[in-house]
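Here, each number is a calculation from the coordinates, and none is a lab measurement. Note that this is a predicted model, so its numbers are computed, not measured. Virtual Cβ from ideal backbone geometry, glycine too; neighbours counted across all protein chains shown.
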Amino acid sequence: SQTIHQWPATLVQPVGSPLSLECTVEGTSNPNLYWYRQAAGRGLQLLFYSVGIGQISSEVPQNLSASRPQDRQFILSSKKLLLSDSGFYLCAWGGGAYSGYTFGSGTRLTVV
Amino acid sequence: AQSVTQLGSHVSVSEGALVLLRCNYSSSVPPYLFWYVQYPNQGLQLLLKYTSAATLVKGINGFEAEFKKSETSFHLTKPSAHMSDAAEYFCAALNNAGNMLTFGGGTRLMVKP
């Protein structure tokens, strides 16, 4: 069966430090992958999505970047974190056409 | 472009009362529609989905939703709320290509004892 793993679960980072969040999918190939952010009291904001290795689409210009070095790996990064980067980050994969998404368990990022 | 609107960012019901969470979509073609639930500090979990097979869709935890094309709605209901239903609920619509979900703003459901 297909599973999605996201880590770490929580992270506290100082302003100006780098960030790397990883998401991996098992049991499927060539999935569509997505990164979302939830800021406190706000809805889901699509940050990036990827339809294949090295193919990244950015939805919102910001302090973050994404990479897909392998078919089932999706990484969210930042060179220098800002306070406004705090939030709950969710990775998701598209389970085939018209199947919707399966979400990871999320990473709570607090920038201090 | 598609849009999904959830009326009411916060809904409060008493335990045992009817739960009704509203969702309206805008699309020229009836889309595939989804409801997700999110418990605190967790990812989103699929409750149910509409794929045009039947207008009344039953999901997990006793929830169901009815697709009404004339009203462009896909409201989520549960006859009797439990304390464990307290969570945030998201309605979403899939694009015509079947690979991109548009989410509503979410509704936080609170259940009072």
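What is the spread of the Cα atoms of chain A along each of their three principal axes, largest first, in whole Å?
Here the spans come out as 38, 27, 22 Å, largest first.
Could you work out the local net charge near A:GLY41, counting Lys and Arg as +1, Asp and Glu as -1, over the other residues with Cβ closer than 14 Å to its Cβ?
That sum, taken over residues with Cβ under 14 Å, equals +2.
Note down the Stokes-Einstein diffusion coefficient of the protein assembly as shown in µm²/s, whole number, using a Kirkwood radius over alpha carbon pairs, 37 °C, and 0.692 mPa s.
Translational diffusion coefficient: 181 µm²/s.
How about region A:45-82: which trypsin sites (Lys or Arg not before Pro) there are in a DSSP loop, with at most 11 other Cβ atoms within 10 Å of their Cβ?
Answer in residue order: A:LYS79, A:LYS80.
Mind checking which of A:ALA40, B:PHE74, A:THR28 is farthest towards the positive end of the protein assembly as shown's charge dipole, using Cβ charges of +1 (Lys, Arg) and -1 (Asp, Glu) about the Cα centre?
Most positive-ward Cα: A:ALA40.
Under the definition of Cα pairs under 8 Å and six or more residues apart, what whole-number percent is the relative contact order of chain A?
This gives 35 percent for chain A.
If you take every residue apart from B:ALA17 with its C-beta less than 14 Å away from the C-beta of B:ALA17, what net charge results, scoring Lys and Arg +1 and Asp and Glu -1?
Net local charge, B:ALA17 excluded: 0.
In whole Å, what are the extents of region A:71-110 along the principal axes defined by its C-alpha atoms, from largest to smallest?
Dimensions of region A:71-110 along the principal axes of its Cα atoms: 36, 19, 14 Å.
In which sequence would A:ILE75, B:ILE60 go, from the one with the fewest C-beta neighbours within 10 Å to the one with the most?
B:ILE60, A:ILE75
Take B:ALA17 and B:THR77, extend 7 Å from each Cα along the Cα→Cβ direction, and tell me the distance between the two endpoints in nm.
Result for the modelled spin labels: 1.7 nm.
Rg and Dmax of region B:25-113, Cα atoms, in Å?
That works out to 13.1, 44 Å for Rg and Dmax.
What does the charge add up to near A:GLN13, with Lys and Arg as +1, Asp and Glu as -1, over the other residues with Cβ less than 13 Å from its Cβ?
+2
Over chain B, with a Gaussian network built from C-alpha contacts below 10 Å, which listed residue (B:LEU18, B:LEU76, B:LEU33) shows the highest mean-square fluctuation?
Among B:LEU18, B:LEU76, B:LEU33, the largest GNM mean-square fluctuation belongs to B:LEU18.
For region A:103-111, take each phi angle, set θ = phi - 60°, evaluate the Karplus expression 6.51 cos²θ - 1.76 cosθ + 1.60, and give the result in whole Hz per residue in order, putting x for glycine and proline.
So the Karplus estimates, Gly and Pro as x, are 9, x, 7, x, 10, 8, 9, 10, 9 Hz.
Provide, for q = 0.25, 0.30 Å⁻¹, the log10 of I(q)/I(0) from a solvent-free Debye sum over equal Cα point scatterers in region A:1-47.
-1.13, -1.20
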